[in-house]
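Right, one structure below, let's go through it.
The values are calculated or read from the model by the stated rules, or taken from the named source; none is laboratory data. From a predicted model like this one, the values you see are computed outputs, not experimental measurements. Neighbour counts run over all protein chains shown; Cβ positions are idealised from the backbone, glycine included.
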Ligand SMILES: [Mg+2]
């Protein structure tokens, strides 16, 4: 009726999965700059009337304060706690450091949230030794390099690893062998199972099942009758520690490129730059979609004799907008000098990625002119809006005016003059289209 009773696949018993989860992450980051608050009730929460708790120290948790609780309720429960406004930029910075440490252990890494990740270390064991040693090393490195504390659960799948890390907190490390799954889970209240919601827990409670052990005794068909076919089957698996989901690694592209072959070989610099501009926007859209920032831009130019040159330059500030990518691409193109013959193809590539929100330093340009930085932000926002429209209506929905006209916009040129006064001639040159013949 309800299908075959689920069983753990033999092949998945031998996997070694870790769940790394920072302890009270936001609070931990705040305490780095406020060591006098260590050991006290600390709550990171918004201060608005409808704001909620983002993180609470274990001392505040002891009073019942928890994540997602309205701040007003937290203040009733813990009136003497120290309430701190979240500083998201800092959390992202530390999150990135932590993920870098985890990424150095294995590329089989699935980041689940800002402070949590699964690692499939099955393949890393031969290189790095037994899993407990790997986990100890990860915990030590995170604390040494960030001052923060991570708890780690190790088991044969994601569900068990997550249950193990939760059980080990705070400042813990717990290995649950896959063969021990049922014993490990049996004493837990049903609602503690990762993936079991309140509604399911209530139905089970009403049916007389309060512990996972009790559910383990229940026949498969009974669970399906009580909870529905899918939810019943799912719970049957969970309470036995069966979970076949793989660690899904985000394949981070090393570079993102786009090329354009002209319908006729051309030596019209305006046409070539127009293509570079279009390609720059295409590439920038992908950079933003991947939430990256490119610290390098390269161009490729192939002439009518199939002779190809590539040039690359590093960007001091990461690029996310088509304008920034184009600025670098156009300069690389200009630096090639006069065209010896007609051009068949051009390409633009962005490379050397970093996470999008990695603390962006103001360059000397920006410090000299705040106006420029605002301009920058506006551009980013304008292009993000374009991404939304693009996603909805496709490429024909919206393009920068420059692309429609096939010329370089005066606004762009002004900006280039402003940010780099020593090269005002560039601006002039591009606007008119330099003669290269
Ligand atoms: Mg956490």
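Some values worked out for this structure:
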quantity	calculated
Yes/no for residue 142 being in the same structural domain as residue 91 (by TED's automatic domain parsing) and in a strand (DSSP E or B)	no
Residues located in the range 225-248, provided they are at negative phi and surrounded by fewer than 16 Cβ atoms within 10 Å (Cβ to Cβ)	225, 229, 230, 244, 245, 246, 248
Strands (runs of 3 or more DSSP E) contained in the range 1-108 and holding at least 1 residues in contact with a strand residue (DSSP E or B) (Cβ under 8 Å, 6 or more places away or on another chain) and within 14 Å of the ligand (Cβ to nearest atom)	17-22, 42-45, 53-56
Single residue of the range 330-365 satisfying the filter (in a helix (DSSP H, G or I) and modelled with pLDDT of 80 or more) that is surrounded by the most Cβ atoms within 10 Å (Cβ to Cβ)	330
Residues of the range 109-140 classified as within 14 Å of the ligand (Cβ to nearest atom) and more than 23 Å from residue 169 (Cα to Cα), total	0
Single residue of the range 24-50 satisfying the filter (farther than 21 Å from residue 146 by Cβ and surrounded by fewer than 16 Cβ atoms within 10 Å (Cβ to Cβ)) that is modelled with the highest pLDDT	46
Selection from the range 60-98 of residues that are under 13 Å from the mean Cα position of the chain (by Cα) and surrounded by fewer than 18 Cβ atoms within 10 Å (Cβ to Cβ)	92, 93, 96, 97
